[in-house]
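I have placed the structure first, in the form of structure tokens, so that the comments after it can refer back to it.
The values are calculated or read from the model by the stated rules, or taken from the named source; none is laboratory data. Just so it is clear, the structure is predicted and the values come from calculations on it, not from any experiment. Cβ coordinates were reconstructed from backbone atoms using ideal geometry, including for glycine residues, and neighbour counts include every protein chain displayed. Calculation scope for accessible area: heavy atoms of the full protein, side chains included, ligands and nucleic acids excluded. Shrake-Rupley method; radii C 1.70, N 1.55, O 1.52, S 1.80 Å.
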Amino acid sequence: MTELTISICSTKDLVEVAALVNAAYRGEGGQAGWTSEIGMVHGQRITCKALKQDLASSADVSILTMRDAKELLACVRVELSNGARGQLNCHIGMLAVRPSAQDRGLGRTLLHHAETKGRVAGARNSRITVVSVRDSLIAWYERQGYRRTGETERFPYEDARFGTPMRPDLEFVVLEKTLAPQSGAQ
């Protein structure tokens, strides 16, 4: 097995990250993947420009990338922010694995790295939003320890940056996982 490296995305990686995310969510070969939105939303999932703006918007936003010696295999967006009760939360999104590299545990590994990043920063919870009609993806996150909060978030139908919705019933469900404190932490 090839050695994998996980690092924080730099601006020079953004074109490659955008291509990976679009392939995993909407592109050719993505239909069989866990994150596929084919038949739900048409068009690009993300652009290099949007990624650049997202990273520039806050020092609390980062993208982790996973590579082997040849190519970018996976990525995940991590954002630290204060919750309604003032506690620090880790928001995880845009978890994407190259369709040809799926079913190898890469998504699970990168998700755990994202959670660790949040935990080390002091986050008590990790939160994820998933399109409500993605039952298999929601079930996968539940197997990783996430639970539905009962909250939903509106799908951005009017925002063309996220593609063209093909269904009228899209919304996001919010899932949350309690992050155990670092061993030795108070």
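A few points about this structure:
- Residue count for the range 49-61, restricted to those that are open to solvent by 70 Å² or more (accessible area, probe 1.4 Å), under 17 Å from Ala114 (Cα atoms) and of a type outside the set (D, E, K, R): 1
- Scan of the range 145-186 for residues that are β-branched (Val, Ile, Thr), more than 16 Å from the chain's Cα centre (by Cα) and either open to solvent by 70 Å² or more (accessible area, probe 1.4 Å) or over 15 Å from Arg124 (Cβ atoms) (or both), ordered by number: Thr152, Thr164, Thr178
- Evaluating Asp13 against the criteria (1) at pLDDT below 90; (2) within 19 Å of Gly107 (Cβ to Cβ); (3) not aromatic (Phe, Trp, Tyr) leaves one unmet condition, (1).
- Strands (runs of 3 or more DSSP E) contained in the range 93-186 and holding at least 3 residues under 20 Å from Ser62 (Cβ atoms) and touching a strand residue (DSSP E or B) at 6+ places or on another chain (Cβ under 6 Å): 125-131
- Test: residue in the range 12-20 that is within 14 Å of the chain's Cα centre (by Cα) and open to solvent by 30 Å² or more (accessible area, probe 1.4 Å): no
- For the range 108-133, the candidate set comprises residues that are in contact (Cβ under 8 Å) with a residue 60 or more places away in the chain and under 17 Å from Ile46 (Cβ atoms); within that set, the residue that is farthest from the chain's Cα centre (by Cα) is Val131.
- Subset of the range 93-127 that is of a type in the set (D, E, K, R) and within 20 Å of Thr2 (Cβ to Cβ) - its residue that is surrounded by the most Cβ atoms within 10 Å (Cβ to Cβ): Arg98
- Taking the criterion of being open to solvent by less than 40 Å² (accessible area, probe 1.4 Å) and within 19 Å of Ala74 (Cβ to Cβ), the residues of the range 132-144 that qualify are Arg134, Leu137, Trp140, Tyr141, Gln144.
- Listed by first and then second residue, the pairs with beta-carbon distance under 8 Å, at least 6 apart or on different chains, first residue in the range 39-51 and of a type in the set (A, V, I, L, M, F, W, C), second open to solvent by 50 Å² or more (accessible area, probe 1.4 Å) and not in a loop (DSSP other than H, G, I, E, B), are Val41/Phe162; Val41/Thr164; Cys48/Val15; Ala50/Arg161.
- A single entry from Leu80, Leu64 fulfils the requirement of being surrounded by fewer than 20 Cβ atoms within 10 Å (Cβ to Cβ), of a type in the set (A, V, I, L, M, F, W, C) and not in a loop (DSSP other than H, G, I, E, B): Leu80.
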